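Enquirer: One structure coming up, written as structure tokens, with questions to follow.
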Amino acid sequence: MSTLERARAALAGLELQELPARDGTVFLQVAAADVREACRRLRDAAGFESNTFVTAIDRYPAEPRFQVCYQLLSVQHNDRLRLCAWIGGERPRIDTVADLWPGAQYAERECYDMFGIQFLGHQSEAGELKRLLMPEDYDHFPLRKDFPHQGIEPDKLYNEWFQRRFQRHEREHADV
Amino acid sequence: MGSLRPVEEANVQQDFLATRVDELINWGRKNSLWPMPLGLSCCGIELMAMIGPKFDLARFGAEAARFSPRQCDLLVVAGTLTWKMAEACRTIYDQMPDPKWVIAMGVCSSSGGMYDSYSVVQGVDMILPVDVYVPGCPPRPDAVIDAIMKLQKKIEREQPLRLRLSGANLDHGLGSNTFVRAPNTAVATHGSHDVLAAGDRILP
């Protein structure tokens, strides 16, 4: 039974579209509302017990602009599968899969950090969905295509650094 | 330097060398630079090559790389400094005992280089005083050795004794415990909220 047949059997009943992938990986597109159900079935019925990554592709200025991608790995069948769904809007949101594969926790946090995609119901050891790499009070999402490479506020990180450092300096030299 | 005081009676019967104290101190300093290698990316590999036997930094007395900033007097910032690393970099600098010098190795640490980016420090001179900048991506070990020789020439021109006798706090002028606010002038300043005016100097 090929990867595609196994996946089709597991996803019977869901609206499914097969996309071409340059590397030959089976690449399926589902509706954004079905992602969680599809992932659960692929894990339980098709043997994809591991999630390699969750990421997004920004197709700005197309709308819907984000293509959320899930790369799955089946160790028992020695094959991979890619799943994608399109979401858009000013506050894009999609269901979490972090409770299906704990390994997706970091991936979803990074995806939120870089693209601003809300993963609904996300729970990890850090609690609710939080930024992973950028400062927690950072207002922008750097990997979006409409984000300028120098940043929207180029001096923001410098100012934060300077303020933090200056406060520390004053604290350490308070007795002098 | 507490033991450096004028000799009351020199015993002229014995051999002795006459020199200026400044020159003696500078000679000692410039020939025993202990680098603190802060290898942040590919420049770190060239730095290792420089310290290794082929380029042999020991010829210039600077091969004793220590990984504790408390034992070093030359900070070599080798590679891309991100804002997340800036705090650590400045802490390392502050932990180094005076006198101390800084080499910005490679274009990334000199000016941000090709990382004209929101996440990268656009030159370590935004957060540290830098003595020598080395261009290159990464620079050849020869170029960094040249930088060390230039730094040695710079150290020769210093006047540590005069500074000491004038009662100046050695911290001042050498960079530690001072902050010079230098916002990112390479980019447009629209939207930035200044904490202090550009160029404000804050002394303890």
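The values are calculated or read from the model by the stated rules, or taken from the named source; none is laboratory data. Because the structure is predicted, anything quoted here is derived from the model rather than measured. Positions of Cβ are generated from backbone atoms using ideal geometry, with glycine treated the same way; all protein chains shown enter the neighbour counts. When the accessible area is computed, the model is the full protein with side chains, heavy atoms only, and any ligands, DNA or RNA have been set aside. Shrake-Rupley method; radii C 1.70, N 1.55, O 1.52, S 1.80 Å.
Enquirer: What are the pairs, 6+ residues apart or on separate chains, where a residue within segment B:138-166 that is assigned to a helix (DSSP H, G or I) has its Cβ under 7 Å from a residue that is open to solvent by less than 70 Å² (accessible area, probe 1.4 Å) and of a type in the set (Gly, Ala, Ser)?
Expert: Cβ pairs passing all conditions: B:Pro141/B:Ala49; B:Ala143/B:Gly136; B:Ile148/B:Ala62.
Enquirer: For the structure I just gave you, tell me whether B:Ile25 is of a type in the set (Val, Ile, Thr), surrounded by 10 or more Cβ atoms within 10 Å (Cβ to Cβ) and modelled with pLDDT under 90. Quick ask: steps written out before the conclusion?
Expert: Numbers: of a type in the set (Val, Ile, Thr): yes; surrounded by 10 or more Cβ atoms within 10 Å (Cβ to Cβ): yes; modelled with pLDDT under 90: yes.
For B:Ile25, the condition - of a type in the set (Val, Ile, Thr), surrounded by 10 or more Cβ atoms within 10 Å (Cβ to Cβ) and modelled with pLDDT under 90 - is met.
Enquirer: When the residues of segment B:118-137 are narrowed to those that are buried (at least 18 other Cβ atoms within 10 Å of the Cβ) and in a loop (DSSP other than H, G, I, E, B), which ends up farthest from the chain's Cα centre (by Cα)?
Expert: Ranking the qualifying residues of segment B:118-137, first place goes to B:Tyr118.
Enquirer: Hey, another quick one. Filter segment B:93-112 for residues that are more than 13 Å from every other protein chain (Cβ to nearest Cβ), modelled with pLDDT of 85 or more and open to solvent by less than 40 Å² (accessible area, probe 1.4 Å) and give the result.
Expert: Correct list: B:Met96, B:Lys100, B:Trp101, B:Val102, B:Ile103, B:Ala104, B:Met105, B:Gly106, B:Cys108, B:Ser109, B:Ser110.
Listed here are the residues, each with its yes/no results for (1) out of contact with any helix residue (DSSP H, G or I) (no Cβ under 9 Å at 6 or more places or on another chain); (2) among the charged types (D, E, K, R); (3) surrounded by 13 or more Cβ atoms within 10 Å (Cβ to Cβ); (4) at pLDDT below 90.
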site: A:Gly89; (1), (2), (3), (4): yes, no, no, yes
site: A:Pro92; (1), (2), (3), (4): no, no, yes, no
site: A:Thr96; (1), (2), (3), (4): no, no, yes, no
site: A:Trp101; (1), (2), (3), (4): no, no, yes, no
site: A:Ala107; (1), (2), (3), (4): yes, no, yes, no
site: A:Asp113; (1), (2), (3), (4): yes, yes, yes, no
site: A:Gln118; (1), (2), (3), (4): no, no, yes, no
site: A:Gln123; (1), (2), (3), (4): no, no, yes, yes
site: A:Leu129; (1), (2), (3), (4): no, no, yes, yes
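Enquirer: Also, quick follow-up: Against the conditions (1) modelled with pLDDT under 80; (2) within 7 Å of chain B (Cβ to nearest Cβ), where does A:Trp161 fall short? Just the number, please.
Expert: If we test A:Trp161 against (1) modelled with pLDDT under 80; (2) within 7 Å of chain B (Cβ to nearest Cβ), just (1) comes out false.
Enquirer: Then there is this: Looking only at segment B:61-92, count every residue that is open to solvent by 40 Å² or more (accessible area, probe 1.4 Å), part of a helix (DSSP H, G or I) and farther than 22 Å from B:Tyr115 by Cα and tell me the total.
Expert: The qualifying residues number 2.
Enquirer: Okay, next question. Can you name every residue in segment A:76-90 that is under 14 Å from the mean Cα position of the chain (by Cα) and of a type in the set (D, E, K, R)?
Expert: Scanning segment A:76-90 gives a single hit, A:Arg82.
Enquirer: Could I ask something else about it? Please identify the pairs in which a residue from segment A:1-28 that is farther than 16 Å from A:Cys39 by Cβ and of a type in the set (Gly, Ala, Ser) has its Cβ atom under 6 Å from the Cβ atom of a residue that is open to solvent by less than 60 Å² (accessible area, probe 1.4 Å) and assigned to a loop (DSSP other than H, G, I, E, B), counting only partners at least 6 apart or on another chain.
Expert: That search, which allows pairs on different chains as well, returns nothing.
Enquirer: Within segment A:51-72, can one find any residue that is surrounded by fewer than 19 Cβ atoms within 10 Å (Cβ to Cβ), out of contact with any Cys (no Cβ under 7 Å at 6 or more places or on another chain) and over 30 Å from A:Asp139 (Cβ atoms)?
Expert: Within segment A:51-72, one or more residues are surrounded by fewer than 19 Cβ atoms within 10 Å (Cβ to Cβ), out of contact with any Cys (no Cβ under 7 Å at 6 or more places or on another chain) and over 30 Å from A:Asp139 (Cβ atoms).
Enquirer: Could I ask something else about it? Kindly indicate the residue of segment A:21-62 that is assigned to a strand (DSSP E or B) and over 14 Å from A:Trp86 (Cα atoms) and also farthest from the chain's Cα centre (by Cα) among those meeting that condition.
Expert: A:Val26
Enquirer: When you scan segment A:146-176, how many residues do you find that are surrounded by fewer than 12 Cβ atoms within 10 Å (Cβ to Cβ) and in contact (Cβ under 8 Å) with a residue 12 or more places away in the chain?
Expert: Selection size over segment A:146-176: 1.
Enquirer: Which pairs do you get when a residue that is closer than 24 Å to B:Pro135 by Cα and among the acidic types (Asp, Glu), found in segment B:22-47, comes within reach of a residue that is open to solvent by less than 20 Å² (accessible area, probe 1.4 Å) and outside any helix (DSSP H, G or I), reach meaning Cβ atoms under 7 angstrom, with the pair 6+ apart or on two chains?
Expert: Close Cβ pairs (under 7 Å, with a partner that is open to solvent by less than 20 Å² (accessible area, probe 1.4 Å) and outside any helix (DSSP H, G or I)) amount to B:Glu46/B:Pro139.
Enquirer: Mind listing whichever residues of segment A:131-144 are within 16 Å of the chain's Cα centre (by Cα), more than 9 Å from chain B (Cβ to nearest Cβ) and open to solvent by 60 Å² or more (accessible area, probe 1.4 Å)?
Expert: Matches in segment A:131-144: A:Leu143 only.
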